[in-house]
Structure formats: C-alpha cells, structure tokens
Amino acid sequence: MVRNDGMNVDGMNDDAESAHRRSAAIAPLVDIRFLLALNTLIVNDQILKAVYGNWLTGKLSDVAGLIVMPVVVGVLLDLMGVRR
C-alpha cells in the first residue's frame, strides 16, 4: 500500500521494494546446498564422466540435477512474477 508521500507502508519506495523482491528471489542461488549440487553437476559432467564414465557418474548427475533444476525453475518463476 502506498502513502501520500510515495512510500509504501513499510517505508520502502517502489524501486527499493522491487530490488528487495529481486534479491529475495535469487537468494536460493547462493545457498550452500545449491552451490554444492551445481559444482557436483559441473565437475561430474566435465571431468568424471570423461575419466570414469560408469553408472555411478550417471546417477551422480541425476541426483545433482534433481537438486539444481527445481531451484533454477523456482528462481526464474519468482523473477517473472509467477506466484507459488
């Protein structure tokens, strides 16, 4: 809600509120679990599959992808303004 002086009831103007909403939307991208899963996915796909290439590297990619993809999709939906 906006007051007469252009500030929202929580004391933020529209630009500050928009920046706060964006920073809250991308916060999951700096979570340690997400970063570890992303790192695992990259190292596994770029190095481990070339060196070992067995069923374990395939499963490692599957598990890491199951952690990374929902976070990325959720962040993109939040940035696009789609409500959960």
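The values are calculated or read from the model by the stated rules, or taken from the named source; none is laboratory data. In this text the structure is predicted, and so the values were computed from the model without any measurement. Counting neighbours? That spans all protein chains shown, and the Cβs are built from the backbone with ideal geometry, glycine included.
Go over the candidates L66, L41 one by one and state the one that is within 14 Å of the chain's Cα centre (by Cα), at pLDDT 95 or above and part of a helix (DSSP H, G or I). Step through it out loud before you land on a result.
Values: L41 fails: within 14 Å of the chain's Cα centre (by Cα).
That would be L66, the only listed residue that is within 14 Å of the chain's Cα centre (by Cα), at pLDDT 95 or above and part of a helix (DSSP H, G or I).
Considering only the stretch 48-62, state which residues are of a type in the set (A, V, I, L, M) and without any contact (Cβ under 8 Å) to a residue 12 or more places away in the chain.
Result: A50, V51, L56.
Pick from the stretch 5-30 the residues that are at pLDDT below 75 and assigned to a loop (DSSP other than H, G, I, E, B): which of them is nearest to L76 (Cα to Cα)?
Checking each candidate, the answer is M12.
Can you confirm whether L48 is surrounded by fewer than 13 Cβ atoms within 10 Å (Cβ to Cβ), of a type in the set (A, V, I, L, M) and assigned to a helix (DSSP H, G or I)?
Spelling it out, it is not the case that L48 is surrounded by fewer than 13 Cβ atoms within 10 Å (Cβ to Cβ), of a type in the set (A, V, I, L, M) and assigned to a helix (DSSP H, G or I).
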